[in-house]
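S.K.: Take this structure, written in C-alpha cells, and hold onto it; I'll ask about it next.
The values are calculated or read from the model by the stated rules, or taken from the named source; none is laboratory data. Keep in mind that this is a model prediction, so the values were computed, not measured. Note that each Cβ is placed from the backbone with ideal geometry, even for glycine, and that neighbours are counted across all protein chains shown.
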Amino acid sequence: MIDTPTQIPIRVSASIPNKTRADITARQFTLVCDEPPERHGNNEGMLPLEAFLAGYVACSNVIMNMIAAEMHIAFSGMSLKAVGYLDPRGYTGAEQLAAPFARLRLIITGKVSGETDRLNDLKSQLRWRCPAAATFISAGTEVEEVWELVVE
C-alpha cells in the first residue's frame, strides 16, 4: 500500500520589479505576469487572471489524461481553451463576491479512442478530480464543458 500524504505543498514565489509586473518562479520555471498599458503596465506578460485560467487548462489536461489512462481511453491531437467571464464588481470594490468568475467555459477538442463508452464517467470525474475545476465549482462558478471529440 502506498502512503499518500494528506497535503502536498505547491510552492511559487515572485519578484516584483514594478507595481504591475510579477516574475513568478516555481521550481526552475519562470512566468511573467503584467498588465497592459491602459492599466498602467508594460504588457510584458500574461495578465494574472490569464495565468490563472492557464493553470485551469493545464490542470484539466493532466487530470483528464490521468483518468483516461485509468479507463483505457486515449486522446490525441488535443486542444483545450478556456474563457472566463469575470464579474468586475469584486476587484473594483463594489461588492464582495464568493465567485469572481461568474461563468467559465472549457472547450476540449481532439480525437479519442479506446473504451469510449466510459467517456461520460471520465467527464464527470474531471469536474471533481481536477483541483482547479473543483476550486471553481466549489466557489459557485458556473462551469460549462464543451467536448468536441472525434471517435477513432
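S.K.: Every residue in the stretch 1-24 that is surrounded by 14 or more Cβ atoms within 10 Å (Cβ to Cβ) and among the β-branched types (Val, Ile, Thr), please.
M.R.: Thr20, Ile24
S.K.: Something else: Filter the stretch 94-119 down to residues that are aliphatic (A, V, I, L, M) and either over 17 Å from Val146 (Cα atoms) or surrounded by fewer than 16 Cβ atoms within 10 Å (Cβ to Cβ) (or both), then give me how many there are.
M.R.: Residues flagged as aliphatic (A, V, I, L, M) and either over 17 Å from Val146 (Cα atoms) or surrounded by fewer than 16 Cβ atoms within 10 Å (Cβ to Cβ) (or both) within the stretch 94-119 amount to 6.
S.K.: Could I ask something else about it? Could you list all residues from the stretch 101-152 that are in a helix (DSSP H, G or I) and without any contact (Cβ under 8 Å) to a residue 40 or more places away in the chain?
M.R.: Asp117, Asn120, Lys123, Ser124, Arg127, Trp128, Ala134, Thr135, Ile137, Ser138
S.K.: Of the residues in the stretch 72-93, how many are touching an Asp or Glu at 6+ places or on another chain (Cβ under 6 Å) and surrounded by fewer than 16 Cβ atoms within 10 Å (Cβ to Cβ)?
M.R.: 2
S.K.: At pLDDT 95 or above and surrounded by 12 or more Cβ atoms within 10 Å (Cβ to Cβ), is that true of Pro48?
M.R.: On the way: at pLDDT 95 or above: yes; surrounded by 12 or more Cβ atoms within 10 Å (Cβ to Cβ): yes.
Yes: the conditions hold for Pro48.
S.K.: Which ones in the stretch 100-144 are under 12 Å from the mean Cα position of the chain (by Cα) and among the charged types (D, E, K, R)?
M.R.: Hits for the stretch 100-144 are Arg105, Arg127.
S.K.: Still on this structure, please answer the following. Could you give me the residue pairs with C-beta distances under 9 Å whose first residue belongs to the stretch 26-47 and is among the polar types (S, T, N, Q), whose second residue is assigned to a strand (DSSP E or B) wherever it lies, and which are 6+ apart or on separate chains?
M.R.: Within 9 Å, the pairs are Thr30/Asp23; Thr30/Ile24.
S.K.: With the requirement that a residue be free of Cβ contacts under 8 Å to residues at least 60 places away in the same chain and aliphatic (A, V, I, L, M), what does the stretch 67-94 give you?
M.R.: Result: Ala68, Ala69, Met71, Ile73, Ala74, Met78, Leu80, Ala82, Val83, Leu86, Ala94.
S.K.: Residues in the stretch 88-95: is at least one in a strand (DSSP E or B) and among the basic types (Lys, Arg)?
M.R.: Within the stretch 88-95, not a single residue is in a strand (DSSP E or B) and among the basic types (Lys, Arg).
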